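Just so it is clear, none of the values below were taken in a lab; they were calculated from the coordinates. No experiment lies behind these values; they were computed from the predicted model shown.
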Amino acid sequence: MPFNVQKKSKKFFEINSTGKVPVLVHQVNPDEALVLEDPLLIAKYLEELLPVPAIRSKSREAIVAGSDIFQKFCALIKNKDPNKDPGLKALLLKKMEELDYFLQSTKGVFLEGDTLRLSDCSLLSKLLLVRVAAKELKGFEIPARLKGVWGYIHAGEKQSVFHETRPSDELIKEHWSRDFAMPMIEGYERKL
């Protein structure tokens, strides 16, 4: 269920007292619900409950593909010195190029073929942040020449689990501009 993590409802806290996300709530019977907050435990539980298709990644290469992208994205977004932006953008671009090379070498549209797995869900959400927030706040765009990355993004966007649970672009912009940077696009105002 998509919701604003900054404005969690009372009902959400009734279900999940810690307020952590992601969370899986499985109503085992009318009087009992299982609440899991750890992404790996959620994946393990879902695989036990629904073994096909497997959602946990089997390949170490797939698990670590793009693993540094979020770190480079955060370094760029949090940077307050505009003189450092070109170097930080170059580091992020290098990681994007490494991911593109990996994606172009895989067989299928996702990291491990044609089946969406947990590692894809993690990476696709990070690429969404880069695509929206880095462009909005720092003018960094994923180059069109990175065909593997764009094919991967488009394949992910076609998955109902992705487009039904992703935050809106406006919510991403609002969140990342709140504490880290001011938007570059004129007319965009933060909601406080």
Quick shape check on region 10-49: root eigenvalues a ≥ b ≥ c of the Cα gyration tensor, a/c under 1.5 is rounded, otherwise prolate if a/b tops b/c, else oblate, and it reads oblate
Taking a ≥ b ≥ c as the square roots of the Cα gyration tensor eigenvalues, with a/c under 1.5 meaning rounded and otherwise prolate when a/b beats b/c or oblate if not, region 21-152 comes out oblate
